[in-house]
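The values are calculated or read from the model by the stated rules, or taken from the named source; none is laboratory data. Treat the numbers as computed from the prediction; the structure is a model and nothing was measured. Note that each Cβ is placed from the backbone with ideal geometry, even for glycine, and that neighbours are counted across all protein chains shown. Calculation scope for accessible area: heavy atoms of the full protein, side chains included, ligands and nucleic acids excluded. Shrake-Rupley method; radii C 1.70, N 1.55, O 1.52, S 1.80 Å.
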Amino acid sequence: MDLDYLLSMLDSKDTSKGFEALKELEIISESRNVLYLYIDKFIDMVKSKKYVIRVRGFRLFCKQARWDVDNVINQNIEEVLSILNDDKPTAVRQALSALKDVVLYKSELVDIIKERVLAIDYYKYKETMHSLIAKDIRELVEVMDKMKYVEEFKAWVEKYLVDLPEDTVAINFNLYEREEVYSVQLIAADAFDEKDEDWACEEIFSTEDDLFVIPMAEDIEDLEDALVYIKGLIEEYLKISSYKSILKNLQGIGVGFVDGNVELLSLDN
């Protein structure tokens with residue numbers, strides 16, 4: 001659909017058409033940077049007196065984080081975060097969800113976003129919204145806390161991705177349980193079989209004792225929780241990897257505890 005038409009629909013009085021245009025523009029923003037040129041428009045939309053326009057502008061503003069080479073988001077984040085004090089609780093909820101895109105690609109903004117998010121006075125809204133907004137805040141804070149590890153993980157794993165053996169066809173993240181920590185080891189394999197997990201044993205490269213370490217916490221005390229947490233961390237990394245061209249050429253990317261099953265990950269973004 002024509003980009004100019006979709007952008008014009010953002011101001012449509014027809015709520016349904018405006019929402020459909022928003023969703024399509026968000027999808028476009030995830031794969032192409034053609035909407036980054038309109039980021040000033042999205043900033044202006046956040047200042048609108050109309051609730052739906054504010055929300056649409058903020059959501060599209062956040063979607064440009066992955067393309068923000070000029071740090072326009074950094075320069076305007078303080079101003080647009082005013083939406084976290086919006087009169088409409090649904091605007092706050094949508095803003096909290098949209099901010100996940102910003103913290104994923106703009107780790108330097110995590111502290112200011114976290115400060116503003118934790119300062120939200122959701123008790124000013126009707127009681128039925130209290131637990132919902134509290135849950136949204138908790139989920140976003142968890143993402144922000146995880147981003148600390150994503151950035152560190154990115155630096156660790158990319159030391160090795162660039163120099164993998166030429167005959168590498170798959171990689172696996174071996175997980176280990178140690179005293180009070182979980183450790184991640186990267187291995188490369190020259191064989192892959194989606195139906196046979198033994199491919200992960202055919203290693204031709206390993207980071208050996210250079211392990212990525214994650215301390216145990218209340219929410220990742222057992223192996224099942226740890227697998228979910230570390231798998232999520234790796235999936236967040238895959239979204240921002242500097243070596244997507246290398247990863248896309250692999251037949252498989254796996255993760256699992258060394259004495260357990262291998263779960264395959266996808267590189268969708």
- Message: When you check Leu25 against the structure, is it open to solvent by less than 60 Å² (accessible area, probe 1.4 Å) and at pLDDT below 95, yes or no?
- Response: no
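Could you list, in sequence order, all residues of the range 77-88 that are of a type outside the set (A, V, I, L, M) and crowded, with 18+ Cβ neighbours inside 10 Å? Quick ask: steps written out before the conclusion?
Here is the first cut: in the range 77-88, the residues of a type outside the set (A, V, I, L, M) are 78-79, 82, 85-88.
If the condition is that a residue be of a type outside the set (A, V, I, L, M) and crowded, with 18+ Cβ neighbours inside 10 Å, then Asp86 is the only one that fits.
Yes/no matrix, rows are residues, columns are (1) within 24 Å of Ser242 (Cβ to Cβ); (2) surrounded by 13 or more Cβ atoms within 10 Å (Cβ to Cβ):
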| residue | (1), (2) |
| --- | --- |
| Tyr149 | yes, yes |
| Val169 | yes, yes |
| Arg178 | no, no |
| Ala191 | no, yes |
- Item | Identity of the residue in the range 239-260, over 21 Å from Leu211 (Cα atoms) and without any contact (Cβ under 8 Å) to a residue 60 or more places away in the chain, that ends up surrounded by the most Cβ atoms within 10 Å (Cβ to Cβ) | Lys244
- In this structure, does Asp70 turn out to be more than 30 Å from Ile230 (Cα to Cα) and exposed (fewer than 13 other Cβ atoms within 10 Å of the Cβ)? yes
- Message: Given (1) β-branched (Val, Ile, Thr); (2) open to solvent by less than 60 Å² (accessible area, probe 1.4 Å); (3) under 22 Å from Tyr237 (Cα atoms), identify the lone condition not met by Ile43.
- Response: (3)
- Message: Please verify whether Glu235 is touching a residue at least 24 places away in the same chain (Cβ under 8 Å), open to solvent by 70 Å² or more (accessible area, probe 1.4 Å) and outside any helix (DSSP H, G or I), treating the condition exactly as stated.
- Response: no
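Each row is one residue, and each column tells you yes or no for (1) within 20 Å of the chain's Cα centre (by Cα); (2) modelled with pLDDT of 95 or more.
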residue: Leu109; (1), (2): yes, no
residue: Glu127; (1), (2): no, yes
residue: Tyr149; (1), (2): yes, no
residue: Glu152; (1), (2): yes, no
residue: Glu179; (1), (2): no, no
residue: Thr207; (1), (2): no, yes
residue: Leu211; (1), (2): no, yes
residue: Glu221; (1), (2): no, no
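Yes or no: the range 90-102 includes at least one residue that is more than 18 Å from Leu22 (Cα to Cα) and in contact with a helix residue (DSSP H, G or I) (Cβ under 7 Å, 6 or more places away or on another chain). Steps first, please.
We begin by selecting, within the range 90-102, every residue more than 18 Å from Leu22 (Cα to Cα); these are none.
Among the residues of the range 90-102, not one is more than 18 Å from Leu22 (Cα to Cα) and in contact with a helix residue (DSSP H, G or I) (Cβ under 7 Å, 6 or more places away or on another chain), which makes the answer no.
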- Please go through the range 143-169 and pick out each residue that is more than 14 Å from Glu236 (Cβ to Cβ) and touching a helix residue (DSSP H, G or I) at 6+ places or on another chain (Cβ under 6 Å). Leu161
- Query: If Ser82 passes every condition in (1) modelled with pLDDT of 95 or more; (2) under 16 Å from Ser97 (Cβ atoms) but one, which one does it miss?
  - Reply: (2)
